[in-house]
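The values are calculated or read from the model by the stated rules, or taken from the named source; none is laboratory data. All of these numbers come straight from a predicted model, not from anything done at the bench. Here the Cβ positions follow ideal geometry from the backbone for every residue, glycine too, while neighbour counts run over all protein chains shown. Keep in mind that these areas ignore ligands, DNA and RNA; they rest on the heavy atoms of the full protein, side chains included. Shrake-Rupley method; radii C 1.70, N 1.55, O 1.52, S 1.80 Å.
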Amino acid sequence: MAAPLEVRYPFAGRWLVQNSPADRVPSHGTAVFATSFAIDFVPVDAAGRTAPVRLGSLVRSEPPERFPGFGRDVLAPVRGVVIATHDAEHDHHAHRGLPSIGYALTQPRRVRAGWPSLAGNHVLIESGGIVVALCHLQRGSLRVRPGQEVEAGDVLGRCGNSGNSTEPHLHVQAFDNPDPSAARAVPLSFGGVVPRNRQIIDVAA
């Protein structure tokens, strides 16, 4: 296994950890597209909550604007060069309760459609021969372009709900090849730590 790539948290504010490799590997239940060590961060409010669950949330999909982190800035976790961007996917409705079951049944179709269908709007940054991917960004929010150099902390875009996403969140992973379908997963370490599931990360602006 490759040594972990040391990165910064790619956001400010309060975010909830989900699907962490600190709890299991592969973290998302699959190694497809080098996701073995991927990690998800869900933006939450000051009380550590995402959008309140109402009765309607259990039977209907919900607009992403209902969620507290939709549109929050996503920052570069490393210094490097942007090698690819994608900004054409719509931000779809969020799915909780019964709608999440129906949405899960359509996942094989997105897998067959390939990386952009799963990642949604995304940015790939190459740093020291390793590629860091930041996925599910808001359509039309990207502030960077391929070939652009970025510093850790630069704004890349905004948190969205594009691609294979049930609610607005940020998916982060690293791999050793610009082509995710041919790459091997690389572990990430955030300031020497891999946070665990349900942990809330609070990063000062």
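Take every Cα pair under 8 Å in the chain that's 6+ residues apart, average their separations, divide by the length, and report that relative contact order as a whole percent. Could you put the intermediate results ahead of the total?
Details: 529 pairs, mean separation 68.9, N = 205.
Computed over the chain, the figure is 34 percent.
Under 10 Å, Cα contacts only: if you run a Gaussian network model on the chain, which one of P21, P52, P68 comes out with the highest mean-square fluctuation?
Judging by the Gaussian network model, the answer is P52.
Give me the percent of accessible area attributable to carbon and sulfur for the chain, probe 1.4 angstrom. Walk me through the numbers before you get to the answer.
Numbers: 4980 of 9400 Å².
Carbon and sulfur together cover 53 percent of it.
Near the amide H of D91, under 5 Å away, which other amide H atoms are found, from residues 5 or more places off or on another chain, if H is placed in the peptide plane?
R139
For the range 137-202, which trypsin sites (Lys or Arg not before Pro) are both in a DSSP coil and crowded by at most 15 other Cβ atoms within 10 Å?
Values: sites: R139, R143, R158, R184, R196, R198; in loops: R139, R143, R184, R196, R198.
Those satisfying the criteria are R143, R184, R196, R198.
Rolling a 1.4 Å sphere over the protein heavy atoms, what is the accessible area per residue of the range 64-181, to the nearest Å²?
So the range 64-181 comes to 41 Å² accessible per residue, rounded to a whole number.
For D23, what residues show an amide H to amide H distance below 5 Å, using hydrogens built from the backbone and excluding near sequence neighbours?
Those qualifying (amide H under 5 Å, at least 5 residues apart or on another chain) are N197.
Amide H of N177: which non-local residues (sequence gap of 5 or more, or other chain) have their own amide H closer than 5 Å, using H built in the peptide plane?
Sorted by chain and number, the residues that satisfy this are V131, R184.
Build a GNM of the chain with springs between Cα atoms under 10 Å: which of H93, H122, H171 gets the top mean-square fluctuation?
Maximum fluctuation in the GNM of the chain, among the listed residues, is at H93.
Cut-off 10 angstrom, C-alpha nodes, Gaussian network model of the chain. Which of A34, A119, A182 fluctuates the most?
Result: A182 has the largest fluctuation of those listed.
Provide T85, T35 ordered by accessible surface of protein heavy atoms (probe 1.4 Å), highest first.
Highest to lowest solvent-accessible surface, that is T85, T35.
Looking at the chain only, what percent of DSSP beta bridges run antiparallel? Nearest 5 please. It would help to have the intermediate numbers written out before the result.
Numbers: 37 of 40 bridges.
Just about 90 percent of them are antiparallel.
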